[in-house]
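Written below as structure tokens is the structure these notes are about.
Just so you know, all these numbers are worked out from the coordinates, no wet-lab data involved. Bear in mind the structure is a predicted one, so any value in this text is a computation, not a measurement. Please note: Cβ atoms are built from the backbone with ideal geometry, for glycine as well, and neighbour counts cover all protein chains shown.
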Amino acid sequence: MFSFFSRKGPTTAYINSVAVTVNPNETLLQAALRNGIDFPHSCRVGGCATCKCRLIEGQVKELTQTAYILSDEDLDQGCILACQSVPKTDVRIEVDLSRQAAKRRISGRVLGQDKLTHDIVRLRVQLDESLPYKAGQYAEIALASQPDVKRSYSFATPPRADAQATFFVRKVPGGAFSSRIYDEALVGQGITIEGALGDFWLRPSPAPLLLVGGGSGLAPLLAMLSEALDARVERPALLLFGARTQADLYALDTIDAIAKDWRGGFRFIPVLSAEAAGSDWTGRRGLVADLIPEALVPGAHAYLCGPPPMVDAAQSLLTRAGVPREHIHADRFTTLHDAAVAVPA
Ligand SMILES: Cc1cc2nc3c(=O)[nH]c(=O)nc-3n(C[C@H](O)[C@H](O)[C@H](O)COP(=O)(O)OP(=O)(O)OC[C@H]3O[C@@H](n4cnc5c(N)ncnc54)[C@H](O)[C@@H]3O)c2cc1C
Ligand code: FES
């Protein structure tokens, strides 16, 4: 029997009419997966919107602010994030399970590991067959030698006919996957990639573009820009790239090549947050998001990618500057650390 009364004990979630028991403090996603439902998900920490579903009846407690991740249309339709929703009553939700079924898993091998900075490596992979994706999306990657350690990485280039894929991986201190990719010699080793995932891609529009990337967050932005360049897109673009010091800047040759052929005017501004005061750097200093108020042109559509604090700061500055939510697109590079902080035991 469906109950609307708030309860401390287990509740029941009807997921596309299938009844599932949800334990106290359990999220809808955790309950669905525990009960064998192949519920679409990826980051599990409210950062990717893959677990988006529609709340038809009942109430949930939301663990994080979801308004930045979900569009106005999603919110109007009563969408919630299953990984961030703990039922307060019995609930009824609808989810498109075909999205998970459409995810493909393709094997391949590591072609190259090019160290771009002291902590970012370009991982090149030869896949056994092409994986269709939109520039800006990401995939879950696992090494064949450690299949249970699976992490999300954004494609750094648009899809290629030769089924090669490229990722920028930042070595996270204490990180199980990224340390291996940066430190170990993996060329020739087996790898699987699963995707494509995410809602981050360039929406067609003539509006000026404001792209803001931090660290390895440059990857999907460069993929989008390269794809747009090939498609002869013509719109003004400003790329803000946040890094700590000059030693953290990379892919400048790729950015130069895009800028040279871009139609509609291209500007690139690197912003350094920890460059030594007396150094020879004559460019901008500070936090990249803080440049937004002066860089923003009327009517611009924003694409933000990188560490969650940078994305969150940029989103709130854009909102305060009056940019409508549907014109702000973001991908947050959340980690297990963020998950441990955000999701209750
Ligand atoms: C949609 C999306 C796209 C992404 N794209 C990229 C990309 O293109 N490039 C990129 O570099 N990264 C990207 N990331 C981040 C990436 O998926 C990994 O999270 C990151 O590389 C760290 O993985 P790891 O295995 O090295 O670290 P993990 O082993 O996952 O650990 C991460 C950090 O958390 C700490 N930690 C681990 N477990 C716990 C715990 N239980 N409690 C507290 N702390 C803990 C570790 O010490 C470490 O500091 C993306 C993330 C998302 C969600
Ligand atoms: S899995 Fe829920 S937002 Fe990523």
What whole number of Å gives the distance from the Cα centroid of the range 236-269 to the Cα centroid of the range 105-136? 21
Between their Cα atoms, which of K61/K115; K134/K260; K52/K150; K61/K171; K115/K260 are more than 32 Å away from each other? K61/K115; K61/K171
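Sum -39500 (n - 2.57) across every DSSP H segment of at least 4 residues in the chain, then divide by the residue count to get the 222 nm mean residue ellipticity, nearest 500.
Working: 9 runs with 69 residues, N = 345.
One gets -5500 deg cm²/dmol as the mean residue ellipticity at 222 nm.
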Projected onto the charge dipole of the chain (unit charges on the beta-carbon of Lys, Arg, Asp and Glu, signs +1, +1, -1, -1), the Cα from A295, A142, A247 with the largest positive-side position is that of A142
Tilt, helix 252-261 to longest principal axis of the chain (alpha-carbon atoms), in degrees rounded to tens, equals 80
Rounded to the nearest 0.05, what FRET efficiency do Q59 and A277 have when you use their Cβ-Cβ distance and R0 = 41 Å? 0.20
The chain: antiparallel DSSP beta bridges as a percent of all, rounded to 5: 60
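For an R0 of 41 angstrom, estimate the FRET efficiency from the Cβ-Cβ distance between L287 and E326 and round to the nearest 0.05.
Numbers: r = 25 Å, r/R0 = 0.62.
The calculated FRET efficiency here is 0.95.
What is the percent of Cα-Cα separations in the chain that go past 31 Å? Present the calculation step by step, with values, prior to reporting the outcome.
On the way: 21361 of 59340 pairs.
That fraction is 36 percent.
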For the range 182-294, with +1 on Lys and Arg beta carbons and -1 on Asp and Glu, the positive-most of L211, M224, F266 along the dipole: F266
Expected sort for F167, F333 with the fewest Cβ neighbours (10 Å cutoff) up front is F167, F333
Compute the long axis of helix 308-320 from its Cα atoms, compare it with the longest principal axis of the Cα atoms of the chain, and write down the angle in degrees, 0 to 90, nearest 10. 90
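With +1 on the Cβ of every Lys and Arg and -1 on the Cβ of every Asp and Glu, and nothing else charged, how large is the dipole of the range 209-341 about its Cα centre, in debye rounded to the nearest 20?
Working: 11 positive and 15 negative charges, 59 e Å.
Around 280 debye, computed over the range 209-341.
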Estimated distance in nm for a label pair at D76 and T254, the labels positioned 7 Å out from Cα along Cα-to-Cβ: 3.6
What shape does the range 11-99 have by the C-alpha gyration tensor, where a ≥ b ≥ c are the square roots of the eigenvalues, rounded means a/c under 1.5, and otherwise prolate means a/b greater than b/c and oblate the rest? rounded
Cleavage-rule hits, trypsin sites (Lys or Arg not before Pro), the range 226-333, DSSP coil, Cβ neighbours within 10 Å at most 13: R232
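Please say if the range 187-345 is rounded, prolate or oblate, where rounded means a/c under 1.5 for a ≥ b ≥ c the square roots of the C-alpha gyration tensor eigenvalues, and otherwise the choice is prolate for a/b larger than b/c and oblate otherwise? Provide the component values of the computation, followed by the final result.
Values: a/c = 1.17, a/b = 1.10, b/c = 1.07.
Since a/c stays below 1.5, the shape of the range 187-345 is classed as rounded.
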Go through G9, V121, V60 and say which Cα lies farthest out towards the positive end of the charge dipole of the chain; charges sit on Cβ, +1 for Lys and Arg, -1 for Asp and Glu. G9
Using the 10 angstrom Cβ neighbour count as an exposure proxy, how do Y133, Y303 rank, fewest first? Y133, Y303
Nearest 10, in degrees from 0 to 90: the angle of helix 218-230 to the longest Cα principal axis of the chain is 70
Which value, in debye to the nearest 20, gives the size of the charge dipole of the chain about its Cα centre, when Lys and Arg are +1 and Asp and Glu are -1 at the Cβ? 320
